[in-house]
Amino acid sequence: RIEGGVPVGLFPGYDLGRPVSAPYVPEKPAPPTVRETQQLLVDLGFMAPTGLTGSLDAQTSTAVLGFEKYAGLPRDGVLTDEVAEAIARSTRPQPSLRKPGHRIEVHLGQQLAFLIDANRVTRLVHISSGAFGKTPQGSFHVYRKERYSWSVPFKVWLPWASYFTGGVAFHEFGSVPTYAASHGCVRVNHYDAPMLYAFATFGTPVDVF
């Protein structure tokens, strides 16, 4: 007692109105459900609302992989309890540059594309850029778009292609690994390619760094 009364707030978790007989051990909260984590991934910008399925599917794994890249965690796309806790503690990512309008930032180190409106990141997209630094860095803009684009040098179709410098484009590709692996283009995963194509309208600024 202090001055004849029970101190308040000195020992959080203990009821000092009665003898203390055991240490206070707070209950560990139950881990979030898969659907709750999916909702957080949507809220943070890593997944489209169509990913709210309640099951651990490929779309969820792709979104988790994007979050792991952003958070600096091992890039395996596996939703462990530790990753779920990190997602629950996270806040919406912020753009690196302060520029007005509708634009895209490509972060080569994180292998992520940030889709930005009025300095708010609306979506983050798991990508794979050019191996050995083949994706040029700098400030560009989308100047050409093709729903199906034929690559002459590599003889392959590039769906959802938005070109922003020379022959370098955002486009869907079957293989989007966790590292830079393309010939120079920015590969986009299957789930996000149509959305990014719609976002990258003619003239959209693209900053690569």
Practice task
Would you mind putting 111-119, 67-75, 20-28 in packing order, based on average other-beta-carbon counts within 10 Å, highest first?
Solution key: 111-119, 67-75, 20-28
Problem - Eligible lysines near K145 by straight Cα distance, threshold 28 Å, same-chain separation 8 or greater - result: K69, K99, K134, K155
Completion exercise
Expected sort for 164-170, 30-36 on mean C-beta neighbours within 10 Å, highest first, is 164-170, 30-36
Problem - Cα-based helix-to-principal-axis angle, 58-71 vs the chain, degrees rounded to 10 - result: 80 degrees
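Counting only protein heavy atoms and a 1.4 Å probe, tell me what percentage of the chain's accessible area is made up of carbon and sulfur.
Carbon plus sulfur share of accessible area: 59 percent.
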Fill in the blank from the handout: Distance in nm between W150 and K134 label points, each 7 Å along Cα→Cβ, equals 2.1 nm
Exercise for the section: Using a 10 Å cut-off on Cβ atoms, rank the peptides 122-132, 42-52, 147-157, 79-89 from the highest mean neighbour count down. Expected result: 122-132, 42-52, 79-89, 147-157
Problem - Spacing of the two label points (7 Å from each Cα toward its C-beta) at D81 and D117, in nm - result: 3.9 nm
Exercise for the section: Pull out a ≥ b ≥ c, the square roots of the eigenvalues of the alpha-carbon gyration tensor of the stretch 49-163, then state rounded if a/c is under 1.5, prolate if not and a/b is larger than b/c, and oblate in the remaining case. Expected result: prolate
Practice task
Go through (i) 1, 7, 14, 17, 16, 12, 8, 5, 4, 3, 3, 3, 3, 2, 1, 0, 0, 0; (ii) 1, 7, 14, 17, 19, 17, 14, 8, 3, 0; (iii) 1, 8, 15, 16, 17, 14, 11, 7, 4, 3, 1, 1, 0, 0 and flag the label whose value is the computed P(r) over Cα pairs in 5 Å bins from 0, in percent for this structure.
Solution key: (i)
Exercise for the section: In a Gaussian network model over the chain where Cα atoms closer than 10 Å are linked, find which of Q110, Q38, Q137 has the largest mean-square fluctuation. Expected result: Q137
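The values are calculated or read from the model by the stated rules, or taken from the named source; none is laboratory data. These figures come from a predicted structure and were not determined experimentally. Note that we place each Cβ from the backbone using ideal geometry, even for glycine, and neighbour counts take in every protein chain shown. Surface accessibility is based on the protein's heavy atoms, side chains included, excluding ligands, DNA and RNA. Shrake-Rupley method; radii C 1.70, N 1.55, O 1.52, S 1.80 Å.
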